[in-house]
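The structure under discussion appears below in the form of structure tokens.
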Amino acid sequence: MKKEKDAMGMPVSVEIVGAPADDPVFGEVFSYFDYVDRKFSTYRDESEISMINRNEIGMEDWSDDMKEIFSLSEKTKNETGGFFDIKKPDGKYDPSGIVKGWAIKNAAELLKRRGFKNFFVEAGGDIQTGGKSEKGEPWRIGIRNPFNMDEIVKVISVSGEGVATSGTYERGRHIYNPKSGTAPRDIVSLTVVGPDVYEADRFATAAFAMGKEGINLIEKARGLEGYMIDEKGIATMTSGFAAYAA
Amino acid sequence: MKKLLFSFLLITAFAFYVLFNSSKSVSLSLPSNGSSETSKSLSQGGDAQMHYFPADSGNTQPSGGMMSGQMGMMSRSYRDGTYTGDVVDAYFGNVQVSATVKNGKISDVQFLQYPADRRTSIEINMQAMPVLVQEAIQSQSSNVDIVSGATQTSQGFQQSLASALSKAR
């Protein structure tokens, strides 16, 4: 059974093989995403992150989830040589580059705790898979053509891995390089496959900010594979990526 | 004779234990040069893990970073003032901090001493990289279960819409 809903400012879909339509777990997952949005959305004036950015809450009063996100962000910043940084040039914090993967992973953990083994949770193009599809095969994931969103340019098969794609579409300044303060223009899309969507998301964010060098970050990182598309439509893949290609 | 042998084995086992523990990596990561906004993390023997950060100049509020562990320390009420901590041997060198309390709460922690540079950063050495396979992207006609990619409408539009709708609830 597959259900879709808008949450966290993006479409969210959850498919659970073998779960009936009225299974309460669907509501639990969507409620969880609403909770994440209320806490971490920089576009909500009343969110905890907005209050922190206005210096209205001292660190000792931050929620446990907020402290965890800041801690994970710091760790990611260190592991990526500073290319992942939730602190923006204006001095405000925007953890969206790590919250999405973290939240999807948590939602998947919720499904596992309820005993579900075959599922996927997808939010805004980032995905956590579990087991196999209804057909009994690994989940088939299509990478969107960054130049034409109706097309797919690559298909990969995964079972349990997480997949995250960072990208700029049209002229949007979605991710920028914390080191130079500008949006990378030489690449348009970078997809990372990792042991879970949290790992994939944080490294996709950091690697995309590096521009063309980003694929090397993924190549060097153990357990991650990547598919990068540049502004000319040339894709570069890490040495183990082909194993996922269907 | 047996006692002597047993004692020797015990001492050897202990020696291996000490050697094994001292060879465990202690991570100390410092930002690259030129950054005036630094945050440093220190691992002391695997127990307390405390993260500190300097305040922005002219701003005594915590500037960011995070606190983990020892939350009991953070939630108590303290007397206002600035306090200097002990110099602590942190394996790679000495660490000493000073804490500033304002309105009964810790508002800032500064490093007075920290160990000499031990960076952990990923170095991208282009010469050492293998040549990665490239291909021109092509539209695929396969059926898929899920699509990965940024959503079509711009991020700003979607987020703005979400925030407007949240006020409408």
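What follows draws every value from the coordinates through simple rules; no lab data is involved. In this text the structure is predicted, and so the values were computed from the model without any measurement. All Cβ positions, glycine included, derive from the backbone under ideal geometry; neighbour counts span all protein chains shown.
Among A:Met228, A:Met66, A:Met51, rank each residue by its count of other Cβ atoms within 10 Å, from fewest to most, as a rough exposure measure.
Lowest to highest Cβ neighbour count: A:Met51, A:Met66, A:Met228.
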Expressed as a whole number, the average count of other chain Cβ atoms within 10 Å around the Cβ atoms of A:73-84 is 5
Computed magnitude of the charge dipole of chain A (debye, nearest 20; Cβ of K, R +1, Cβ of D, E -1): 540 debye
Using θ = phi - 60° and Karplus 6.51 cos²θ - 1.76 cosθ + 1.60, couplings along region A:87-98 (whole Hz; Gly, Pro as x): 8, 9, x, 7, x, 8, 9, 9, x, 4, x, 10
If you take the beta carbon distance between B:Glu135 and A:Glu4 as r and set R0 to 25 Å, what does 1/(1 + (r/R0)^6) give as a FRET efficiency, to the nearest 0.05? 0.20
In whole Å, what is the distance between the alpha-carbon centres of region A:1-55 and region A:69-125? 13 Å
Entries in A:Lys3/A:Lys212; A:Lys77/A:Lys105; A:Lys132/A:Lys154; A:Lys154/A:Lys179; A:Lys3/A:Lys112 that, when Cα-Cα distance is taken, lie over 28 Å: A:Lys3/A:Lys212; A:Lys154/A:Lys179
State whether region A:1-70 is rounded, prolate or oblate according to the following rule on the C-alpha gyration tensor (a ≥ b ≥ c being the square roots of its eigenvalues): a/c under 1.5 gives rounded; otherwise a/b larger than b/c gives prolate, and the remaining case gives oblate. prolate
